[in-house]
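Enquirer: First the structure, which I've put down as structure tokens, then a few questions once you've had a look.
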Amino acid sequence: MPEVTAYFWVIKVLCTTVGETAADLLAEKAGLGLTGVSVLMSAVLAVVLVVQFRTKAYRAGVYWAAVALISVVGTLISDNLTDNLGVPLETSTTVFAVILAVVFAVWYRRERTLSIHHIDTTSRESFYWLAVLFTFALGTAAGDLVSERMDLGYWLSAVLFALAIGAVAVAHFALGLDAVWSFWIAYILTRPLGASIGDYLSQPSADGGLGLGTVVTSVLFLAVILALVVYLAVSRKDVTDPESGARQVA
């Protein structure tokens, strides 16, 4: 796993934005539909996760490819429930929250830790990626619930979730909120934050967006993600030296 640095959070938010816009792009512009794109992206994610599990050490390119793809798949899970099956957002948000809570409970009961600094077995990595998947699904449903059902709009929703993340940071650094729970709460909240930003940039002005479209937004954010991941792969600023405990710098 990478070190949780500013780079980590920036790329995470960018991946969540791409997850929102790329899912819309493939489903609508590419004419694949929700079902077709869900099957395609799930298959691609499965391949990347196999590579990730077989990789013996953290590799920035493989890890962040998995995160970006799982962001798309998590979005599609929520969208399929809402658009294809007609499940209310209130219901899907609640269900995903319960499933995520169960994943955390089973993970902790079996491994006695939820820290990403101890992802050193296949079992723990399996729990980690399962939790990540449902944080994306939960964040998608919760973000849509706030921005659409509660009619706050994309920009105001983004500000709201950013303030919530700021509150978690204050609770951790100033009030002593446990680091592991601070991480996971913030991780969940970055999903609706990124989705709201993506929708604000891509959706038509008539719907409260800037009208850049899913193509421009997806390409722009993917380019930034690629640049940052290449930088981290070369500099290794998000890698900890196991002997010194310091981040390795090439």
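Enquirer: Can you pull the one-decimal nm distance between simple spin-label points at VAL39 and SER235, each 7 Å off the Cα toward Cβ?
Expert: For VAL39 paired with SER235, the spin-label model returns 4.3 nm.
Enquirer: Further question on the same structure: Determine which residues of the stretch 1-40 fall in the zone a paramagnetic label at ASP178 would reach in this model, i.e. backbone nitrogen under 15 Å from the point 7 Å along Cα→Cβ.
Expert: none
Enquirer: Okay, moving on. Find how much the distance from THR5 to SER126 grows on full extension, using 0.36 nm per residue of separation minus their present alpha carbon separation; answer in nm with one decimal.
Expert: Details: separation 121, 0.36 × 121 = 43.56 nm, distance 2.27 nm.
Going from the current span to full extension adds 41.3 nm.
Enquirer: Something else: Gain in length, ALA171 to VAL95, computed as 0.36 nm per residue apart minus the alpha-carbon separation, to one decimal in nm? Don't skip to the answer; put the middle values down first.
Expert: Details: separation 76, 0.36 × 76 = 27.36 nm, distance 2.67 nm.
So the extension gain works out to 24.7 nm.
Enquirer: Which residue fluctuates most in the GNM of the chain (Cα springs below 10 Å): ARG59, ARG124, ARG110?
Expert: Maximum fluctuation in the GNM of the chain, among the listed residues, is at ARG110.
Enquirer: What is the stretch 6-235's relative contact order, in percent, from Cα pairs under 8 angstrom and six or more apart in sequence?
Expert: Numbers: 282 pairs, mean separation 67.6, N = 230.
It comes to 29 percent, rounded to a whole number.
Enquirer: Give the shape of the chain as rounded, prolate or oblate, defined through the alpha-carbon gyration tensor: a ≥ b ≥ c are the square roots of its eigenvalues, a/c under 1.5 means rounded, and otherwise the shape is prolate if a/b is larger than b/c and oblate if not.
Expert: Details: a/c = 1.45, a/b = 1.36, b/c = 1.06.
Because its axes are fairly even, with a/c under 1.5, the chain counts as rounded.
Enquirer: Which far-off residues, 5 or more places away or on another chain, put their amide H under 5 Å from the one on THR240, with H placed in the peptide plane?
Expert: Residues meeting the amide H criterion: GLU3, GLN248.
Each value in this text was obtained by applying a stated rule to the coordinates, not by laboratory testing. The model shown is predicted, which means the values in this text are computed figures rather than measured ones. No Cβ is skipped: glycine too gets one built from the backbone with ideal geometry, and neighbour counts run over all protein chains shown.
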